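Engineer: Take this structure first; my questions come after.
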Amino acid sequence: MKLFLWIWTSVGILPLFAFSALHAYSAWQLRRARASESHDELGENEFVITISEVQFDGMTDPMVVSPSAWPALASLAGISLTLAGLLFLIPKQPLRIKTNVYERLPTVIDRIVNSKKDPATLIVSARDGNRALSVSKRDQRIEIGLSHNLSESQEISEIRGHFRTLGIEPTHDYETYDDHFDITTVHLEYDITDHAPETSKFCEFIFRDVYSIGSNETVECDIDD
């Protein structure tokens, strides 16, 4: 989506950019030509009208060019600000990994672990968002967060057991209940700062061994680093 908006905007302002650049160049050339010419001083009550035209081969009508360059420069400045604004107005799009997920995912996770931004977060999701986890870095602490429907008790038990065998207990372990959908959700957070170099291995275990996500299934990564 972000790429589409960039292309759409760039194509839309391309004619304005081309005419503005041509205008500025023509005005500059006109000033050079005038500077090299010698003009007699005008007498009293005399005046001179000049018209500057640009014409290319195949053009039926010449283009009249103003000797002043400021309109073109103002247009170019506006175009530059528009393109710069797109960097902030268009939200970041998630990174989609469609092949070799477990070979490419560690590089994405390392961006959070080694990020200088505080906080830095990553949400990894698969199968239309039904399977997800978060990796965050706050105050130089690395945490993994998960939320699960209580009906998925087998997956919850596997995740708890895996971290317990490594001597890692959850820093947050609580449940929330949704009256509208009659769903109880279990929320888990684990501080893995002491195991930060192995962050990608934790994520691989959860997605591959618990969620059974294949290496060629699409995984989305929302990155804020």
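Coordinate-derived values only; no laboratory data. The structure displayed is predicted, hence computed values, not measured ones. Cβ sites come from the backbone with ideal geometry, for glycine too, and all protein chains shown count toward neighbours.
Engineer: Going Cα to Cα from Lys137, which lysines come in below 18 Å? Please leave out same-chain ones fewer than 8 positions away.
Structural biologist: Lys116, Lys117, Lys201
Engineer: Another question about this same structure. Compute the signed sum of charges (Lys and Arg +1, Asp and Glu -1) over the other residues within less than 15 Å, Cβ to Cβ, of Asn216.
Structural biologist: Net charge in that neighbourhood comes out at +1.
Engineer: Further question on the same structure: What is region 72-225's relative contact order, in percent, from Cα pairs under 8 angstrom and six or more apart in sequence?
Structural biologist: 34 percent
Engineer: Next up: What nm distance separates the two modelled labels at His172 and Asn100, each placed 7 Å from Cα along Cα→Cβ?
Structural biologist: Going from the His172 label point to the Asn100 one covers 3.6 nm.
Engineer: Sticking with this one: What are the residues whose amide H is under 5 Å from the amide H of Thr218, where those residues sit 5 or more places off or on another chain and H is modelled from the backbone?
Structural biologist: Long-range HN contacts for Thr218: none found.
Engineer: Which length gain, in nm to one decimal place, applies between Ala77 and Glu189 when the Cα-Cα distance is subtracted from 0.36 nm times their residue separation?
Structural biologist: Going from the current span to full extension adds 35.5 nm.
Engineer: Taking just the alpha-carbon atoms of region 115-225, what radius of gyration and Dmax come out, in angstrom?
Structural biologist: 14.0, 41
Engineer: Could you sort 148-158, 170-180, 207-217 so that the peptide with the highest average Cβ count within 10 Å comes first and the rest follow in order?
Structural biologist: So the peptides 148-158, 170-180, 207-217, ranked by packing, come out 207-217, 148-158, 170-180.
Engineer: While we're here: Report the extension gain between Trp28 and Asp110 in nm, rounded to one decimal, defined as 0.36 nm multiplied by the number of residues separating them, less their alpha carbon distance.
Structural biologist: 24.4 nm
Engineer: Related question: Just subtract the alpha-carbon distance of Phe17 and Asp225 from 0.36 nm times their residue separation and send over the number in nm, one decimal.
Structural biologist: Contour length minus Cα-Cα distance gives 71.5 nm.
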